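The values are calculated or read from the model by the stated rules, or taken from the named source; none is laboratory data. Not measured: the values here are computed from a predicted model. Virtual Cβ from ideal backbone geometry, glycine too; neighbours counted across all protein chains shown. Note: accessible area is taken over every heavy atom of the protein model, side chains too, but ligands, DNA and RNA are not part of it. Shrake-Rupley method; radii C 1.70, N 1.55, O 1.52, S 1.80 Å.
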Amino acid sequence: MAGKFQALGWRQFSAVDPDLNYIFWSSTTVSSGPLSINMARNADTTIESALLAGRQATEHSVRQAAYKTVNKRLALDLAYLWLDRPSWAVIGNPKVQNFNNPTSPQGQPAFGMIGGSIWPTQVWIS
């Protein structure tokens, strides 16, 4: 019965860059089978065009305009209803250090806590 639903409670789309949600919103990932990466199976050509424009642009203003178009179309299509926004937190003893200041394996600064996930291998106790 996978894929046979009218509503689903789900926590998703907390990416720091809208491009990371491409696979969930793109019409290229809609499947007619029981499982679909685009869970809503929303195949909107305007969204697809805007997603591609946002992915390919290097100028911030162009990317911002493209993703605003995606946002407006999702509001019209009502493929998703945002009912809540989670507030992520890490609570620890003041001796716990570096839970939100990670570096990538290449030594570059990385994003800290995203979607409630941290880099525990870089945490230490002072």
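Overview of results
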quantity	calculated
Accessible area of the chain belonging to carbon and sulfur atoms, whole % at 1.4 Å probe	57
Helix 60-77 axis, angle to the chain major axis (alpha carbon atoms, nearest 10°)	60
Gyration tensor verdict on the chain (Cα atoms; rounded if a/c is under 1.5, prolate if a/b is larger than b/c, oblate otherwise)	prolate
Spin-label pair Ser104/Leu78, simplified geometry with 7 Å Cα→Cβ offset, distance in nm	4.1
0 to 90° range, to nearest 10: angle between helix 45-56 axis and the chain longest Cα axis	40
Probe 1.4 Å, accessible area per residue of the chain, Å²	73
Potential extension, Asp17-Ile114 segment - 0.36 nm per residue separation minus Cα distance	33.8 nm
Ranked by how many other beta carbons lie within 10 Å on average, peptides 24-37, 90-103 from highest	24-37, 90-103
The chain - mean residue ellipticity at 222 nm from DSSP helices (-39,500 (n - 2.57) per run, n ≥ 4, rounded to 500)	-8000 deg cm²/dmol
Positive-end residue, the chain charge dipole about Cα centroid, Cβ charges, pick of Ser104, Ser26, Ile118	Ile118
